[in-house]
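These notes concern the structure reproduced below.
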Amino acid sequence: MPELLPFQKTGAAFLASKRRAALLDEPGVGKTAQAIRGLDTIGAERIVVVAPAEAHRAGVWRNEYAKFGQRRLRFIKGQTEQDREFWLRGKSDVLLLSYEMATNWASRLKRDVIDCLIFDEGHRLKNLGALRTRALIGPECDGRFGLAEWAVNGWWLTGTANPNDAADCWSMLRFCGATRLNKDAFCTRYYRRIQRTYSASHKPRPEMLDELRQVIRSCSLRRTERETDADRPPIFMTTTEMDGDTEEIRTLLQAHPNMERAILEAVETGGLSFLDSQHIATLRRLVGEAKAPAFANLLVSEIADGLDKVVVFGIHVRALQIIKQTLAAAGVVAVYGREDDNAVERFQHDPQVKVYLGNIVASGTAITLTAAARVIMFESSWAPMDNYQAIKRVHRKGQTRKVHAQWVTLANSIDERVSATLARKTAAIAQIEGPREGP
């Protein structure tokens with residue numbers, strides 16, 4: 001059994017010491033291993049782990065427990081009614097659920113006491129009004145009337161407490177009992193609201209910043225890679241422009257003359273609900289499909305010239321399928337997380353598999369892709385922390401090579417300007433952490 005590092009032992013002890021707590025370590029420093037050791041410490045026998053579906057498909061929790069667990073536990077992945085009944089009758093110790101399945105099953109799982117309920121990538125519960133949030137942590141995010149009400153212990157794991165806005169941490173703080181303020185009162189006390197034409201964002205009030213940090217630290221623990229002395233090579237980033245047919249894109253923008261400006265403003269302020277509109281979704285799809293052929297051909301030539309394994313993240317199914325089909329036609333073996341439950345395992349261990357294709361949200365968290373030292377952001381998320389999380393799939397413990405993160409943009413299009421805007425958007429989120437000691 002691998003020995004936990006000193007900082008990981010500290011994290012495990014921290015979780016074990018609290019009924020509700022959050023572990024906010026940066027991606028890649030071992031939150032899963034720490035939670036597993038915490039479960040063993042408290043002797044939890046009835047455990048529910050809610051995580052992104054991709055993590056369960058890749059067997060993350062089962063595999064990590066085999067390495068770091070001190071007990072023999074029985075796992076079941078909740079997919080069918082039979083799986084649910086199997087769990088309810090005590091035939092399994094650990095129930096693994098996706099966020100979607102946990103939402104659907106929440107009412108049926110209530111009244112069955114859970115020793116520990118874990119929300120892996122807990123930032124997916126940031127939206128107060130979302131069905132999954134209400135079902136799992138209740139309408140006020142304090143656990144009441146949600147699945148969490150039936151959990152003796154509740155742990156929130158994420159490296160992204162504020163994925164889109166500096167106030168996104170409220171649901172975590174409310175769940176952990178660190179604040180009794182409702183969302184509006186919390187935002188009024190600690191933030192200034194910045195209203196734009198199409199959206200609004202929050203910036204911490206300078207005079208309240210110390211108090212806000214104290215509230216966060218009262219229920220959570222966060223360590224950066226630098227603080228954990230992780231011996232990991234650096235990341236360097238480059239941008240590559242791709243040519244493509246932009247005629248449909250120009251036509252769409254002409255039909256909606258204010259859309260380009262509105263998109264740039266919404267990306268900067270975190271107005272993601274606005275960015276989900278049909279016209280903007282169409283624009284993003286067209287951009288992805290326009291640059292896919294040129295990118296796929298470039299990737300084929302680079303692999304022919306000796307490029308080792310590479311991870312490619314995107315958003316749209318059609319664009320990723322164009323890439324996969326082009327690679328296959330050239331004899332390059334690629335796996336697509338959406339289509340292959342064993343994609344991560346194959347990519348990590350099969351030397352014939354050269355490319356991992358993944359959705360930036362579904363595959364951008366909870367999995368390890370260190371067989372590659374190159375990650376390509378073929379399409380990027382509106383939220384910069386999603387992009388960071390995706391890159392960290394490659395830049396994790398076990399990575400021994402310098403990681404090259406390459407951003408691919410469509411030349412002479414809004415794609416270039418959005419990427420530049422995303423780089424600035426993390427300032428308010430990073431400010432909450434405050435200065436760090438050390439070189």
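Per-residue Karplus couplings for the range 407-417, computed as 6.51 cos²θ - 1.76 cosθ + 1.60 with θ equal to phi - 60°, are listed in order as 9, 9, 10, 7, 4, 6, 9, 4, 3, 5, 6 Hz, Gly and Pro entered as x.
Between amide H atoms placed 1.01 Å from N, distances below 5 Å from Ile114 occur with Ala151, Val152, all of them 5 or more places distant or on a separate chain. Restricting the range 1-73 to GluC sites (Glu not before Pro) that sit in a DSSP loop and have at most 16 other Cβ atoms within 10 Å of their own Cβ leaves Glu3, Glu45. For the chain, taking the reciprocal of the average inverse distance between every pair of different Cα atoms yields a Kirkwood hydrodynamic radius of 22.7 Å.
Look at the alpha carbon pairs under 8 Å that are at least 6 residues apart: their mean separation over the length of the chain gives a relative contact order of 17 percent. For the chain, modelled as a GNM whose springs connect Cα atoms under 10 angstrom apart, the maximal fluctuation among Leu298, Leu212, Leu125 occurs at Leu298.
A viscosity of 1.567 mPa s and a temperature of 4 °C, combined with the Kirkwood radius over C-alpha pairs in the Stokes-Einstein formula, give the range 75-219 a diffusion coefficient of 79 µm²/s. Computed from phi, the 3J(HN,Hα) profile of the range 14-22 under the Karplus parametrisation 6.51, -1.76, 1.60 (θ = phi - 60°) reads 4, 4, 5, 7, 10, 6, 10, 7, 10 Hz, with x in place of Gly and Pro.
The stretch between Asp350 and Glu211, if pulled fully straight at 0.36 nm per residue, gains 45.0 nm over its current Cα-Cα span.
Under a 5 Å amide H cut-off, with hydrogens placed 1.01 Å from N, Val333 pairs with Lys354 among residues at least 5 apart or on other chains. Treating each Cα of the range 235-431 as one equal point scatterer and applying the Debye formula with no solvent, the log10 of I(q)/I(0) at q = 0.09, 0.11, 0.14, 0.17 Å⁻¹ comes out as -0.32, -0.49, -0.79, -1.15. Between Val394, Val355, Val333, the GNM of the chain built on Cα springs shorter than 10 angstrom shows Val333 fluctuating the most. Dividing the summed -39500 (n - 2.57) terms of all DSSP H runs of n ≥ 4 by the residue count of the chain sets its mean residue ellipticity at 222 nm at -12000 deg cm²/dmol. Under 14 Å from a label point set 7 Å out along the Cα-to-Cβ vector of Thr240, the amide N atoms of the range 304-330 belong to 304-313, 323, 327.
No value in this document is a laboratory result; all are computed from the given coordinates. Just so we're clear, the structure is a prediction, and the values are computed from it rather than from any experiment. Neighbour counts are summed over all protein chains in view; Cβ atoms, including those assigned to glycine, are modelled from backbone coordinates with ideal geometry.
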